[in-house]
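Reading through the structure tokens given below for one structure.
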Amino acid sequence: MIDLGVNIDHVATLRQARGTAYPDPIRAALLAEQAGADLITLHLREDRRHIQDRDVEALRPLLKTRMNLEAAVTGEMLAFALRIKPQDVCLVPEKRQELTTEGGLDVIGGFDRVKDAVGRLSDGGIRVSLFIDPDPAQLDAARAAGAPVVEIHTGAYAEAEGAAQAELERIRRAVAHGLDLGLRVNAGHGLHFGNVAPIAAIPGMAELNIGHALVADALFMGWENAIREMKRVMREAAGNRQP
């Protein structure tokens, strides 16, 4: 029906804040799988602010589901991904000064570079996703670049407050357009228990990637409980989809 990707970045954020060996994002990933996660997502940033190279290297052979590695479109990151060979790589924009990813990848503006990255990763046996805003032109460019998957950036929807319905409609239209193009359409960013159901209910939505909210909710309800409850809410909403 719909897959839940659990992002473990902010487990590593807690670890890096004190420079300790805990909490261990690898343990978090394996517990997430046991709780029903369909995949594990992690972002190896250029500044290594949370996930470290060793985390990705150690986790890759341990996962029983699949690894979705988020990475910037750089030679270093492409080489790393081709060495580790996760099942999926999601190419994302990245700025060192940002607290979190602020928007989608500009596939149109960087088309040749993105197309080359998609080709290199695909040739290496890795499925490629592009993290983009809900913009039909960017979806067209993603398809032209050869990406089989897109992940719709839901940050504007999550932050919209009074304009949330308008942002939700943008996402719905983008999902429909992506499906018409033959793309697998995923989504993520800023999703939590209070706003995830309308996104999960969009016809054709294949996967949601959620991290920060799950780590936050785990403080009060436990890591595995938070993951089980998120998956229940998503599946219930997906089961009530209207054509």
Regarding region 154-175, can at least one residue be identified that is open to solvent by 10 Å² or more (accessible area, probe 1.4 Å) and under 26 Å from M77 (Cα atoms)? no
From the residues in region 124-142 that are outside any strand (DSSP E or B) and aliphatic (A, V, I, L, M), which one is farthest from G182 (Cα to Cα)? I126
Among G188, G222, which is small (G, A, S) and open to solvent by less than 20 Å² (accessible area, probe 1.4 Å)? G188
Are there helices (runs of 4 or more DSSP H) fully within region 1-74 with at least 3 residues that are open to solvent by 40 Å² or more (accessible area, probe 1.4 Å), at pLDDT 95 or above and over 23 Å from E229 (Cα atoms)? List them. 9-18, 53-59
Go through region 172-204 and give me each residue that's more than 13 Å from the chain's Cα centre (by Cα) and assigned to a loop (DSSP other than H, G, I, E, B). L181, G182, L183, H192, F193, G194, N195, A201, I202, P203, G204
For region 144-185, give me the residue count where each residue is more than 24 Å from P243 (Cα to Cα) and in contact with a Gly (Cβ under 9 Å, 6 or more places away or on another chain). 5
Would you please name the residue that is nearest to P86 (Cα to Cα), looking only at residues in region 119-152 that are among the charged types (D, E, K, R) and surrounded by fewer than 24 Cβ atoms within 10 Å (Cβ to Cβ)? R127
Anything in region 226-243 that is touching a residue at least 24 places away in the same chain (Cβ under 8 Å), open to solvent by 30 Å² or more (accessible area, probe 1.4 Å) and part of a helix (DSSP H, G or I)? List them, or say none. R228, E229, K231, R235, E236, G239
Mind listing whichever residues of region 77-105 are at pLDDT 95 or above and open to solvent by 40 Å² or more (accessible area, probe 1.4 Å)? A79, L82, R83, K85, Q87
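The values are calculated or read from the model by the stated rules, or taken from the named source; none is laboratory data. Everything numeric here is computed off the predicted structure, so don't read it as measured data. A quick note on method: Cβ atoms are made from the backbone with ideal geometry, for glycine too, and the neighbour counts reach across all protein chains shown. Heavy atoms of the whole protein, side chains included, go into the accessibility calculation; ligands, DNA and RNA do not. Shrake-Rupley method; radii C 1.70, N 1.55, O 1.52, S 1.80 Å.
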